[in-house]
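Peer 1: Below is a structure I'd like to ask you about.
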Amino acid sequence: MAWPHVTCFGISSALAITAAVMVVTRRNAVHAALWLAVALVSTGVLYLTLSAQFLAVLQVIIYAGAIVVLFLFVVMLLNVNEDQATDRRRWLAVVGLALALVWGAGTALLLLAGPPAGTGLVVRTPGDVALRGTAEELARAVFEHHALAFELVSLILLAAMAGVIALARRTPRGAEEIPGKRGSP
Amino acid sequence: MDFLWTKHIWLIPFWPALGALANGVLIPRARKTLDVVSTVAIGSVAMSFLCTVFLTAELASLRIGNPAPVEYFRWIDAGDLRVPFALLFDPLSATMCLMVTGVGLLIHIYSMGYMAHDPDPGRFFTYLNLFMAMMLLLLLADSFLLMFVGWEGVGLCSYLLIGFWHRKESANRAGLKAFLVNRVGDAGFLMAMMLIFVTFGSLRFDEVLSNAAIRQASPTMLFAITALLFVGATGKSAQLPLHVWLPDAMEGPTPVSALIHAATMVTAGVYVVVRCAALYSAEGAASALVAWIGVITALLASLIALAQTDIKRVLAYSTISQLGYMFLACGVGAYVAAILHVVTHAFFKACLFLGAGSAMHGTGGQTDIRKMGGLAKTMPRTTVAFWIACLSIAGIAPLAGFVSKDEILHHVFVSTYAPARTLWTLAIITAFLTAVYMFRLFALTFHGDEQAMKRGAHAHESPSVMTIPLMMLAALAIVGGLALGLPYPPGLHLLNHFMRGWLIIGRHHGAEDTGGLGLALALAAIALAVAVSGAVLAFRFFRGPYRRVELLQRRLGFAYTLLSRKLYIDELYDIVIVGPAVGLSRLAADVTDTRGIDGIVHGAAAIAYRAGEGLRRLQTSHTRVYALAMLVGAVALVLYLARGMLF
Amino acid sequence: MVPLSWYVAVACVLFTIGVIGVLACRRTIVILMAIELMLNAGNLLLVALAREFWSAQAQAIVLFVLAVAAAEVAVGLAIIVRMFELKGTLDIDEVNLMKW
Amino acid sequence: MPDFGLLSPIAAMPMAILSVAALVALVGGTLGRRGPAIARISSMVGLALTAAGLASLWADRGSRALLAFTDTLVLDNFGVFASAAFLLGAVFAVLLGDAYLRDHARLAGEYHGLVLLATVGMIAMAMASDLVVAFLGLELLSIPLYILAGLSARDARSNEASLKYLLLGAFGSGFLLFGIALLFGATGTTLLSDMVGDPRLRMALSPANLYFAAGAAMLLVGIGFKAGLVPFHMWVPDVYQGAPTPVSAFMATGPKAAAFVLLFRVFGQAFAGAAEQWTGILWAMAVATMTVANLAALRQTELKRLLAYSSISHAGTILLAVLAAPKDRAGSAQALLFYVVAYALMKAGAFGVVVWLQRQQEGDVSIASLRGLASRQPGMALAMGVLMFSLAGVPPMAGFWAKAWVFSEALQAGFLGLTILAVINSVVAARYYLRVVVAMYMEEAGAADQPTAEPSGCPSAIAAIWLAAALTVLIGLVPGLVFVLGGQAGAMLR
């Protein structure tokens, strides 16, 4: 094991986990969003150690850049970053926590103890070219293998765009409803 | 030889269906007067009856075995399942169809008078015609699948007609109860049908019911199929423990009770068992089950009938009891006797119901027999018809009821089925009780004490459109038995002769040796003696003041006993028979109806409702709770699928 | 090289934290963030396995998931903004008009 | 190099046509006064062309399934038939949508466009031979639905429905993605076509492989959510109730069918070799789904929630077909497809009646508001009665055959106990369907139940209801029409 790799893995995974915990425990929504950015960036660093350089870049740009900014934007727009109310359904959190921990511990332990990947159809042969995760490799995979999936993703984005416009369109109250017509389903 | 009618079986259900279509949809609402709709309805049933007669005539002249089914079009042609739309007109369905269309025609005519003042005769006759079409489809179907369509169809119509007066809350509840209890039976039928398809790979009668196919099936599977079919039959034919809907079904108009809940639909269960006689004959255990359920139902229902005070409910329990006889006959392999009883029962029971309807019509809708009485003077024609039907059902020779019942009793007695004597004893007790409750009913309704006579003076005789069908049914109730099933000499048993194709299988554990003429006469004499004594005792006792019965029930009637010898006999009868019988019938009514089966049904329903309410409360509208449920599910899924590594 | 199982463990832990977040948080925006953590964990697992199988195709899946996540967040935030306009709160427990 | 022959464009043709139509509807909808009409016509034309395209893809009986797009898309009659069923759902959504869009004309473009895009997602799910395509198809189905559920932006209920659906749906997607990743770890591929019948998969799909076990479980969470299986069903009543009713109708038909088709492709086909592993848990889910839904529906008074519970209970029944798949794949596929079509008709029609009722009265439609419908509107009451009896499984309606065939498949596969439980459940279910009929035919309208307005004309909704009822009866009388086609579709899976 190469030490730089291990060190890098240790630091960024610890950071990612800590940040994730922070996301779900912070009372201030702005802080939560910022911690989310930290978690996502640390995951991006983990990608680097997994020879997925292009994905790491995308992770930082799209996830940490665009998505977190979107979150921050909405939090600030609504201006309700503090969680005032006390939790009336604490039992839910407790039960959920317990179950989730059982779940997490179980899966993690089982997967650690289980057989390594590679029992399936694809068995790596020595002749294979090692994966480097460059933009070129990814582009080939997307356009040669996942062409259909790529098209579907474009449709998903189209639907989301149209939907957000429909939902966010500000019409004066009652303008959508023709006066005199009742019972809009 | 080329026959004129053979290919046109479809005409039989077609006419009523056309009538229903006309009355329901085609005729504009404004023109739906009683005259128009009843003419259409009666005409369509008459056409159907005529077609049946012609077809039967041709069938009788056809001297070769059983006729083949007639295929009309490819109905379901899907993978392994190939079921054409085919109809079968063999002696069994011919007999049943003649009965259904004939009795149905008379009841349709009667309805014209009975429903004269109803605001919505169009709907009534539409349902009634639709019922006829469905019933005939059930009887003529050549596959379990098509039969099931008719089976569900008659259930639907029955439900619609029970709840016909939908302003009555009780009618709605009764309709609902009928539908739901029938669904339980239908579930059994459906399961049986699937098992048949799995076992035989077909749903057509000729492929399933052939001996070669049956020999290859495993006994367990045969038992499952026959038992499940019988569950379906108990639902439709109101046998224990699914009989609870029939008494409530009397909420419907009386012609409906006569047609559907006495003469035709409720015999569909018997028809199914007879149709599948080949299966039942091959499976002894299921036949035994049929026989026992039949005889127990017959006995308990007749006990309950003793204590009823509503005229239609007495008749309803009597129907249940008579259906029990039919199943008893099926259970001992006397299938022809069962069908004979179906036919004669249709005659006298329809007559009884129509008579009851006429009495209710004359008294302005009274159904409580304690408040009737003395109708004999004012409604003579109804009284005579009712009296004849009573004699017939009670089993007085040589009326129709005697002939068919005696044939069943005879078959039960000589059956090689082990506890045949026990079955016979129970059946003869039932015969006695039948005579008692029928003449109790007759005496209280049409005779009774002086007070009752006064009440009866206000009644009026029904119009002849009602009494003529009544008279015709009464005539049939007299001669129907001897005409169709003359017991001796054997060659003149018309139904036996007609249904000879069925006799091949109809003698499985019904013994070949009938014990000779001597035994037959002895058994007939016993049955007749029992019936006569029951009828005479009941009539004499209940003709007196009704108070006496009540007093006796309160154990205050000892004074009467000591006064006269006459009364002493009555009293003896009261103490020995009526007292315990009343108590027993109360008990039976309580156990089987109110607390027992109804209790279980209602209890189960209550539990289901509670559970539903609880589950609904889980639906708290809180997203996080929903997410938690998903997580619980996910944990369970992973634990289950990874169980190989965990445990 | 760091063994696969270590990455798997991290992915599982991140996923679990996301699940806990969905159940324990009351503000809808934070729930959405927790869901992002779950998707992110799935991505990490995919990338780790992609290295194991030397499969660029598996890496490409991550690309699609990024886009899907962005779409879901955009739609989700639009709905949440609407909710705030209608109710004046972001508390998921206040969303309880329809029950039973 | 990948195969860029003619097959891929041909196989993707239905999706492409629909996408173009969706785009036209979305853009056209913004064009002022004419917008709604353009959107509507565009979606109608798109659906018609797609139907024609699907018909042209229908292959002969003897053909084998073809793989396109580097094996990520499978072209077989099963997928084509299922896609046609989704189109049917979309047609009903378009017809019923008219009644809604009359009051929300500005949303016409979005409504039609999103319905079509969701349909593309369903088709992608049905034809997917790759877990990634299936995942993206499911997302393409979900995201438009999240939006459609919240389309009545001023209505707090609609907003609530859409929020719940989105949060829980995304939660489910998280599981689904993790499951796909784990399955990739187990097999080294995401291609279902590779997994079907490969002997090496026996080892990968063995109980000892935790990647497979956990992956399959999490996949089931994601798909089970969409299908509305217990315990992933709790969103269904709330979302169906809150969403605009034409949208509820749409959600109850196509998307649910798509989830089952995918479930069939994954568990019935790809994982059939590992059947002994998952049969038990699906068995339990089927029983729980039917029982919980039927019991909860017994006391339900709100019509849309009642229909929601009914749709959950039907989901439990359809699961029987998936369970039977390892024993007889062709037969159970046939039963599943028939069920899906019959179910779509019945549910679309029943929700259509709710749409129609909501034109006359405000707020929730309770069963009580149906009182006396038979005397006020005999035709509508008849249609609703037919649909209710069909949902209850009374012959000779389509719903009866659907149930009967699924039950018989399950019986032939040896699930006797399960079938008995299912039959008992259908008896229980008859109770609440009957309550609707009783209300219409046997109860009098109280003063409070009188409609506040005369039924304003919404001809296409009425046409949709009649179409659904008529087809329900037609298929019930001549089930062979659909069943034979379903058989040809199933035969290709052999």
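Peer 1: Quick test of your reading of the structure: B:Glu207 fulfils all but one of (1) touching a helix residue (DSSP H, G or I) at 6+ places or on another chain (Cβ under 7 Å); (2) at pLDDT below 80; (3) surrounded by fewer than 18 Cβ atoms within 10 Å (Cβ to Cβ). Name the failing condition by number.
Peer 2: Only one criterion in (1) touching a helix residue (DSSP H, G or I) at 6+ places or on another chain (Cβ under 7 Å); (2) at pLDDT below 80; (3) surrounded by fewer than 18 Cβ atoms within 10 Å (Cβ to Cβ) is unmet by B:Glu207, namely (2).
Peer 1: Restricting to the range D:161-201, count the residues that are assigned to a helix (DSSP H, G or I), facing another protein chain (nearest Cβ under 7 Å) and either among the basic types (Lys, Arg) or touching an Asp or Glu at 6+ places or on another chain (Cβ under 7 Å) (or both).
Peer 2: Of the residues in that region, 2 qualify.
Peer 1: Turning to a different aspect of this structure: Just checking, which of B:Met115, B:Met134 is surrounded by fewer than 24 Cβ atoms within 10 Å (Cβ to Cβ), among the hydrophobic types (A, V, I, L, M, F, W, C) and more than 24 Å from B:Leu340 (Cβ to Cβ)?
Peer 2: Working: B:Met134 fails: surrounded by fewer than 24 Cβ atoms within 10 Å (Cβ to Cβ).
Result of the check over B:Met115, B:Met134: B:Met115.
Peer 1: When you go through (1) out of contact with any Lys or Arg (no Cβ under 6 Å at 6 or more places or on another chain); (2) surrounded by fewer than 24 Cβ atoms within 10 Å (Cβ to Cβ) one by one for B:Tyr271, which number turns out not to apply?
Peer 2: Condition (2) is where B:Tyr271 drops out.
Peer 1: Looking only at the range B:603-647, count every residue that is over 45 Å from the mean Cα position of the chain (by Cα), within 8 Å of chain D (Cβ to nearest Cβ) and among the hydrophobic types (A, V, I, L, M, F, W, C) and tell me the total.
Peer 2: So the answer is 12.
Peer 1: Here's a follow-up. Whether any residue in the range C:70-87 is under 28 Å from A:Glu144 (Cβ atoms) and among the charged types (D, E, K, R) is what I want to check.
Peer 2: Yes, the conditions are met somewhere in the range C:70-87.
Peer 1: From (1) more than 26 Å from D:Gln241 (Cβ to Cβ); (2) part of a helix (DSSP H, G or I), pick out the condition that doesn't hold for C:Val2.
Peer 2: (2)
Peer 1: Okay, next question. From D:Arg305, D:Arg265, which residue is in contact with a Pro (Cβ under 8 Å, 6 or more places away or on another chain), basic (Lys, Arg) and part of a helix (DSSP H, G or I)?
Peer 2: Only one candidate passes the filter, namely D:Arg305.
Peer 1: Among what's in the range C:27-82 and is part of a helix (DSSP H, G or I) and in contact (Cβ under 8 Å) with a residue 60 or more places away in the chain, pick the residue that is surrounded by the most Cβ atoms within 10 Å (Cβ to Cβ). Lay out the reasoning, then the answer.
Peer 2: At the first step, the residues of the range C:27-82 found to be part of a helix (DSSP H, G or I) are C:28-53, C:56-82.
Still in the running and in contact (Cβ under 8 Å) with a residue 60 or more places away in the chain: C:28-29, C:31.
Working: C:Thr28: 24, C:Ile29: 24, C:Ile31: 29.
The qualifying residue surrounded by the most Cβ atoms within 10 Å (Cβ to Cβ) is C:Ile31.
Peer 1: Just to check your reading of the model, which residue among B:Ala68, B:Ala86 is of a type in the set (Gly, Ala, Ser), on the phi < 0 side of the Ramachandran plot, part of a strand (DSSP E or B) and not assigned by TED's automatic domain parsing to the domain that holds B:Val465? So that I can check it myself, show each step before the final result.
Peer 2: Numbers: B:Ala68 fails: part of a strand (DSSP E or B).
Only one candidate passes the filter, namely B:Ala86.
Peer 1: Let me ask something additional. List, please: which pairs have Cβ atoms under 6 Å, are six or more places apart or on different chains, and start with a residue in the range B:147-175 that is in contact (Cβ under 8 Å) with a residue 60 or more places away in the chain and facing chain D (nearest Cβ under 8 Å) and end with one that is in a helix (DSSP H, G or I) and surrounded by fewer than 20 Cβ atoms within 10 Å (Cβ to Cβ)?
Peer 2: These pairs meet every condition: B:Gly163/B:Asn172.
Peer 1: Quick check on my filter: what residues within the range D:41-89 are acidic (Asp, Glu), away from chain A (no Cβ under 14 Å) and under 20 Å from D:Val196 (Cβ atoms)?
Peer 2: Taking the range D:41-89 first, the residues acidic (Asp, Glu) are D:60, D:71, D:76.
Keeping just the survivors that are away from chain A (no Cβ under 14 Å) gives D:60, D:76.
Scanning the range D:41-89 gives a single hit, D:Asp76.
Peer 1: Scan the helices (runs of 4 or more DSSP H) fully inside the range B:441-531 and keep the ones with 2 or more residues being within 25 Å of the chain's Cα centre (by Cα) and at pLDDT below 80. Can you show your working first?
Peer 2: Working: elements: B:450-457, B:464-485, B:494-498, B:500-503.
So the answer is B:464-485, B:494-498, B:500-503.
Peer 1: For the list (1) assigned to a helix (DSSP H, G or I); (2) touching a helix residue (DSSP H, G or I) at 6+ places or on another chain (Cβ under 7 Å), I need the number of the one condition that B:Arg421 fails.
Peer 2: In the conditions (1) assigned to a helix (DSSP H, G or I); (2) touching a helix residue (DSSP H, G or I) at 6+ places or on another chain (Cβ under 7 Å), B:Arg421 misses (2) alone.
Peer 1: Okay, next question. Among (1) buried (at least 24 other Cβ atoms within 10 Å of the Cβ); (2) of a type in the set (Ser, Thr, Tyr); (3) more than 14 Å from the chain's Cα centre (by Cα), which single condition is B:Thr309 missing?
Peer 2: Just one mismatch for B:Thr309, condition (1).
Peer 1: Return the residues of the range D:465-494 that are away from every other protein chain (no Cβ under 12 Å) and among the small types (Gly, Ala, Ser); say none if nothing qualifies.
Peer 2: D:Ala468, D:Ala469, D:Ala470
Peer 1: Okay, moving on. Kindly list, by first and then second residue, each pair from a residue in the range A:28-53 that is outside any helix (DSSP H, G or I) and crowded, with 20+ Cβ neighbours inside 10 Å to a residue that is among the β-branched types (Val, Ile, Thr) and at pLDDT below 95, limited to pairs with Cβ atoms under 7 Å and residues at least 6 apart or on different chains.
Peer 2: A:Leu50/C:Val47; A:Ala52/C:Val47
Peer 1: How about the range D:112-137: which of its residues are of a type in the set (A, V, I, L, M) and out of contact with any helix residue (DSSP H, G or I) (no Cβ under 6 Å at 6 or more places or on another chain)? Give the derivation first.
Peer 2: Keep residues of the range D:112-137 that are of a type in the set (A, V, I, L, M), which gives D:114-118, D:120, D:122-128, D:131-134, D:136.
Scanning the range D:112-137 gives no hits.
The values are calculated or read from the model by the stated rules, or taken from the named source; none is laboratory data. Note that the structure is a prediction, hence the values are computed from the model and not measured. Cβ coordinates were reconstructed from backbone atoms using ideal geometry, including for glycine residues, and neighbour counts include every protein chain displayed.
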